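Before any comments, here is the structure.
The values are calculated or read from the model by the stated rules, or taken from the named source; none is laboratory data. All values derive from a computational prediction rather than experimental measurement. Note that each Cβ is placed from the backbone with ideal geometry, even for glycine, and that neighbours are counted across all protein chains shown. Quick note on the areas: whole protein, heavy atoms, side chains included, nothing else; ligands and nucleic acids left out. Shrake-Rupley method; radii C 1.70, N 1.55, O 1.52, S 1.80 Å.
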Amino acid sequence: MERASASLIEFPADDPERARRFWSGLLQQELAERVEDEGEGWQTHSGDLAVGVHSRGRGPGDSFSLPYFAVGDLAEALERVQALGGSVVHPGARWAICKDSEGSPFGLAAAPAA
């Protein structure tokens, strides 16, 4: 089993353009419009850890900042989440939203093939 690594921190925003300007200015990196398989919003595309911004919504990934962890086998990781007392809120083939044993939301993303 391959170790998970942080791959994305996602920030929901009431005013996405304002948030995009903030994070771009702070990080001195462009938050570019996402491509289709990355979801909606904008994110950095340089370095090991991406920062993303999207419009705030009602789901666990839309209400609070959300760390994503890259995993080698997403299906296996989702099984592990449940076996360890967590829950899978939104399963998917490339990414999923989960909650840990204490109810804190986080995301898992399938690591790109080497």
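Structural remarks
- Low-density loop cleavage sites - trypsin sites (Lys or Arg not before Pro) in the range 1-40, where at most 13 other Cβ are within 10 Å (DSSP): ARG3
- FRET efficiency for ASP48 and GLU79, using Cβ-Cβ distance with R0 set to 30 Å, rounded to 0.05: 0.70
- Tail weight of P(r) past 19 Å, computed on alpha-carbon pairs of the range 1-91, percent: 45
- Relative contact order of the chain, defined on C-alpha pairs under 8 angstrom at six or more residues apart (%): 26
- A Cβ-based charge dipole, computed about the Cα centre of the chain with Lys and Arg at +1 and Asp and Glu at -1, lands at about 220 debye.
- Computed from the C-beta positions of GLU33 and ARG56 and an R0 of 30 Å, the FRET efficiency is 0.95 to the nearest 0.05.
- Here each label is just a point 7 Å from Cα along the line to Cβ, and for LEU26 and SER87 those points are 3.0 nm apart.
- Between 0 and 90°, nearest 10: helix 16-27 axis offset from the chain longest Cα axis: 90
- Ligands, DNA and RNA are left out, and with a 1.4 angstrom probe the accessible area of the chain is 63 Å² per residue.
- For the chain, adding -39500 (n - 2.57) for each run of n ≥ 4 DSSP H residues and dividing by the number of residues yields -6500 deg cm²/dmol at 222 nm.
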